[in-house]
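Take a look at the structure set out below.
The values are calculated or read from the model by the stated rules, or taken from the named source; none is laboratory data. Just so it is clear, the structure is predicted and the values come from calculations on it, not from any experiment. Note: ideal-geometry Cβ built from the backbone for every residue, glycine included; neighbour counts use all protein chains shown. Surface areas here come from the heavy atoms of the whole protein model, side chains and all, with no ligands, DNA or RNA. Shrake-Rupley method; radii C 1.70, N 1.55, O 1.52, S 1.80 Å.
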Amino acid sequence: MFIGVDLGGTKIAAALVSETGKIITDVNIPTEASKGKKHVLGVISKAIDHLLRTSAKPVKAIGLGVPGPILYEKGVVIGPPNLPGWKQVNLKQVLGKKFKLPVYVDNDANCAALAEARFGAGIGRKHFIYITVSTGIGGGIIINGELYRGANGSAGEFGHMIIDSHGFTCGCGNVGCLEALASGTAIKKRAGMDGASVELAARQGDKKALAVIDETAHYLAVGIANLVNIFNPELVIIGGGVSKMRELLLTPVRAEFKKYALYLPAKSVKIVRAKLGTNAGILGAAALCL
Ligand code: BGC
């Protein structure tokens, strides 16, 4: 048995996961990121503690998917835009000491990409990119069946790709990042309500909500076209909370994507929704332990 923790800017999801990727028990708690590092670490510890106490079988290790950038080898989180006050946190060390178990830490989107590769939409695919659209935007790159982590573990920060250098300011301090234009946070800023409410309003024909979705789809498509031109993947898998809009978002994304991607890489790629939904993060975090 393993514990997988998906630390998001809005919620923390944690679960007991079996070796075959089955979720046995899970918990969902608001992150309340604005309350700072100590509070969030406390919430994570409580969730792990609860799962350890409820597990019928011994837990062998803890895996965590966290917003990056992170130093993968050391398990150190370095100033994620959506976790204020997290300048440099050695999660591997802090939680390893506390729970006396091996702890593995990777970027949340890398974890989700691993989970989709192992248990979801990416099964049997050698080249794909995973993009999570949630509070922030993150990415995972699978090349030749392996996750590509880059020189120090921070590869795949798709959300901080500059799409419009005259655009909105991003949580990372830069201007015009994809995350500042098309994340759940960006939707909230533009529409004055969260993604779920925008979806509901759009389904009832609300013009403003539909316009916000179209704009989000446009920017996502521009980002995806850049990525497809660079990586020539077979598949682009879209996950994260915002992807719960399903075809309401994906259909305009595909239409916009065609306008911007090069003919050859666009010809061979499919844009699909993540199969594991919002469980991808937890499953991927647990898969880090395997
Ligand atoms: C972070 C990424 C993360 C994404 C989703 C972004 O702000 O830079 O590392 O994957 O949010 O949580």
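Observations, loosely collected:
- When residues of the range 218-275 are limited to those that are within 17 Å of the chain's Cα centre (by Cα) and among the basic types (Lys, Arg), the one least open to solvent (accessible area, probe 1.4 Å): Arg273
- Of all residues in the range 158-176, those satisfying the criterion of being out of contact with any Pro (no Cβ under 9 Å at 6 or more places or on another chain) and either within 11 Å of the ligand (Cβ to nearest atom) or open to solvent by 10 Å² or more (accessible area, probe 1.4 Å) (or both) are Phe158, Met161, Ile162, Ile163, Asp164, Ser165, His166, Gly167, Phe168, Thr169, Asn174, Val175.
- Within the range 200-216, the set of residues being surrounded by fewer than 21 Cβ atoms within 10 Å (Cβ to Cβ) and assigned to a helix (DSSP H, G or I) comprises Leu200, Ala201, Arg203, Lys207, Lys208, Leu210, Ala211, Asp214, Glu215.
To keep it simple, each residue is scored yes or no on (1) in a loop (DSSP other than H, G, I, E, B); (2) touching a residue at least 24 places away in the same chain (Cβ under 8 Å); (3) in the same structural domain as Ile12 (by TED's automatic domain parsing); (4) surrounded by 14 or more Cβ atoms within 10 Å (Cβ to Cβ).
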site: Leu64; (1), (2), (3), (4): no, yes, yes, yes
site: Pro81; (1), (2), (3), (4): yes, yes, yes, yes
site: Pro84; (1), (2), (3), (4): yes, yes, yes, yes
site: Lys87; (1), (2), (3), (4): yes, no, yes, no
site: Val94; (1), (2), (3), (4): no, yes, yes, yes
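- The range 100-138 - residue that is farther than 25 Å from Glu234 by Cβ and open to solvent by less than 30 Å² (accessible area, probe 1.4 Å) and, of those, farthest from the ligand (Cβ to nearest atom): Val103
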